[in-house]
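Values in this text are rule-based calculations from the coordinates and carry no lab data. None of the values given here were measured: they were computed from a predicted structure. With ideal geometry, Cβ positions are generated from the backbone for all residues, glycine too; neighbour counts draw on all protein chains shown.
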Protein chains: 2
Amino acid sequence: MKKIKIAILGMGTVGGGTYDILTKNRDVIVERTGTDYEIAKILEKDARQIAKHDADISIVTTDVDSILESDDIDIIVEALGGMDFPVSIMSRALKRGISVVTPNKAAVAANYDMLRKAAEEGGAELRFEAAVGGGIPILTTIKEQLAGNRFTDIKGILNGTTNYILTNMLKKGQKYEDALESAKENGFAEPDPTADVEGIDCANKLCLLMVLAMDKYVNPQSIPTKGITEVTMEDIQHAYNKGCVIKLIAHAKKTESGYEYYVRPEEIPLDHPLASVSNEFNAIYLDGDAVGELMFYGKGAGALPTGSAIVGDIIAIMKDKQK
Amino acid sequence: MKKIKIAILGMGTVGGGTYDILTKNRDVIVERTGTDYEIAKILEKDARQIAKHDADISIVTTDVDSILESDDIDIIVEALGGMDFPVSIMSRALKRGISVVTPNKAAVAANYDMLRKAAEEGGAELRFEAAVGGGIPILTTIKEQLAGNRFTDIKGILNGTTNYILTNMLKKGQKYEDALESAKENGFAEPDPTADVEGIDCANKLCLLMVLAMDKYVNPQSIPTKGITEVTMEDIQHAYNKGCVIKLIAHAKKTESGYEYYVRPEEIPLDHPLASVSNEFNAIYLDGDAVGELMFYGKGAGALPTGSAIVGDIIAIMKDKQK
């Protein structure tokens, strides 16, 4: 049996979480897939990240070419973040027949067609399950188990930072600024939270959901997007008095006349399944013509949840390579 | 490209729903899978079921052997229900290399090992996504996208009939007997509701969840099972006063000392994701060591939701046959 060789590019939060799962749950993964694997290379400049995960220093490199030009790597996990550099790496790898797994929603959403073509050209797989719901298995599920459905309505709470802030505004009566500070203190917001609070992160994720569930690509910059920075305590109280909670909603709808899509704060009735999704949790609500209403709920971010989705993609590629 | 030939055994609710999806969503299914297919045979005695779905009478037969002994059938959908007859059909088909898709939880749960061995012997696939959550994609998701996790805790509301009854007892103040009658009138309970209200249906589903998520087979008859027939209005009121709702819960837990499992009515705190699962809806709540808390919510029964899961299994088999 061929041993699959994996390279992890970037040992930050997500790369490190992926490393930990591949290492600690090696026995169940090998048993369930019938495939052996090894982490053959790690791209990382910072020795502390290697030490933190007790990884073998002999497989660490700072030279990305030594990975991309190797004939020995089957799968790379792109966990570098950013835009131009990871996009060029992914494109090069795919064209050479190296499959790519990434949680990088911004990079994939903005370059979807180009990356798909690179994958086709190289006969490689591009997978990005972690890019939309973090740990929530949604993209592959839409493409595979739910592929018999036409989806006409997708509504998601796709960003944990903003959901944490809105939950604290409602439950603790904190003002937006205070709730944002508390999110930063608790590790649920970045030092620069712009992409989250302005809804940009949600627009990237909605782009990927639409292309997979509705076969319709819309550039994320063309999705009307409004974040939560102007949501006031009065808005929240006003909604609550009507039996609603305010959530940052990414919504896509297919109608007779075309597609409607946007990201914006919306009032959700308390008896809707999305209303009870609180704190840093995410959820995706779908309506398919066969399956009816569905909702998937879980952790949209974090080292291990995101790593779980990446490992799921690695497993899918390993199974495909077996056939 | 090889055209996949499908036989549907039984055109009742589930077989009919499967037929409708395969017919109406043919274009998206062919496009997404890159595989062409036809419904080549239907096993059905009742002409009204054929007429209802406007199916081609020339492919209908009442002779199961003509299907099982054909060299021309790739996949059978076993939607007959019952135990001995469908089990013998599934076993014969699998041994001959014909893949089987079924929603028949009782048959698969009681004969899991035998059917798996028949599938191995014939080099065929046995899939039963519809057997646990109806339309909710859970089994394949556990086996594939979530295969990097060790699951230590599974809790499900796995039966729509009992959840409908308990919801009406709470929300409409109906007694058990009245809520059961109302469930029958609205098509959410069978004329003989024993398997549902006594928890037997849940025990079969828990058996299948455990074997896939925890790699542990327990015969459903060995799962301690208590249904909802003794739940009183006082129990429901008492729970509510404590901030809880009563749900029929199927629970499996892996501990240091082994496995715990049961089906029984339990008090669920109102802030738990399972508490807001009402009426005929089902949900499965999981805790994986990587992904953390996850919940899947949707319709656990009905022609089209169940058909959606069956079609998802058919699509998976078609994709595997392509490789």
Report summary line: Any residue on another chain or 5+ positions along whose placed amide H is under 5 Å from the amide H of A:Asp153 is listed here as A:Lys254, A:Asp287
Query raised in the report: Averaged across the residues of B:284-292, what count of C-beta atoms belonging to other chains lies within 10 Å of each residue's C-beta?
Result: 6
Query - the stretch A:164-207: C-alpha gyration tensor shape, a/c 1.5 cut-off, then a/b vs b/c - result: prolate
Requested in this report: Summarise the partner chain shielding of B:29-37 as one whole number: the mean count of Cβ atoms from other chains within 10 Å of each residue's Cβ.
Outcome: 2
Query raised in the report: How many nm is it between the label spots at A:Glu177 and B:Lys52, if each spot is 7 Å from the Cα in line with the beta carbon?
Result: 6.4 nm
Query raised in the report: Over its Cα atoms, what ratio of radius of gyration to 2.2 N^0.38 Å does the stretch B:1-122 give?
Result: 1.04
**Report entry** Rg/Rh for the protein assembly as shown, where both radii come from Cα atoms and Rh is the Kirkwood radius
**Finding:** 0.96
Report task. Place the peptides A:310-316, A:147-153, B:132-138, B:244-250 in order of packing, highest mean first, counting for every residue the other Cβ atoms within 10 Å and averaging per peptide. Result -> B:132-138, A:310-316, B:244-250, A:147-153
Report task. Using only Cα positions of the stretch B:141-299, each an equal point scatterer, no hydration layer, compute I(q)/I(0) via Debye at q = 0.08, 0.10 Å⁻¹ and quote the log10 values to two decimals. Result -> -0.23, -0.35
Report summary line: With the 8 Å Cα cutoff and a minimum separation of six or more residues, the stretch B:141-299 has a relative contact order in percent of 34 percent
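Of the listed peptides A:125-131, B:28-34, A:71-77, what is their order by residue-averaged count of other C-beta atoms within 10 Å, with the highest listed first?
A:125-131, A:71-77, B:28-34
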**Report entry** Cα long-axis angle, helix B:176-185 against chain B (0 to 90 degrees, to the nearest 10)
**Finding:** 30 degrees
Query - Per-residue [θ]222 nm for chain B (sum of -39500 (n - 2.57) over DSSP H runs n ≥ 4, rounded to 500) - result: -12500 deg cm²/dmol
Query raised in the report: Roughly speaking, what is the centre-to-centre gap between the stretch A:87-130 and the stretch B:244-323 when only Cα atoms are used, to the nearest Å?
Result: 33 Å
Report summary line: Fewest to most Cβ atoms within 10 Å: A:Lys52, B:Lys95 sort as A:Lys52, B:Lys95
Report summary line: In degrees, nearest 10, the alpha-carbon axis of helix A:160-172 is tilted away from the dominant principal axis of the alpha carbons of chain A by 30 degrees
Query raised in the report: Considering only Cα-Cα distances, which of the following residue pairs are longer than 29 Å: B:Lys117/B:Lys253; A:Lys319/B:Lys45; A:Lys205/B:Lys253; A:Lys254/B:Lys24; A:Lys41/A:Lys155?
Result: A:Lys319/B:Lys45; A:Lys205/B:Lys253; A:Lys41/A:Lys155
Query raised in the report: Quick one: what does P(r) look like for chain A with 20 Å bins over all Cα pairs, in whole %?
Result: 32, 56, 12, 0
Query raised in the report: Hey, got the average number of other protein chain Cβ atoms within 10 angstrom for residues in A:265-278?
Result: 2
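What order do you get for A:222-228, A:275-281, B:297-303 when each peptide is scored by the mean count of other beta carbon atoms within 10 Å, highest first?
Output ranking for A:222-228, A:275-281, B:297-303: B:297-303, A:275-281, A:222-228.
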Report task. Report ³J(HN,Hα) in whole Hz for each residue of the stretch B:97-106, in order, from the Karplus equation J = 6.51 cos²θ - 1.76 cosθ + 1.60 where θ = phi - 60°; Gly and Pro get x. Result -> x, 8, 6, 10, 10, 8, x, 7, 4, 5
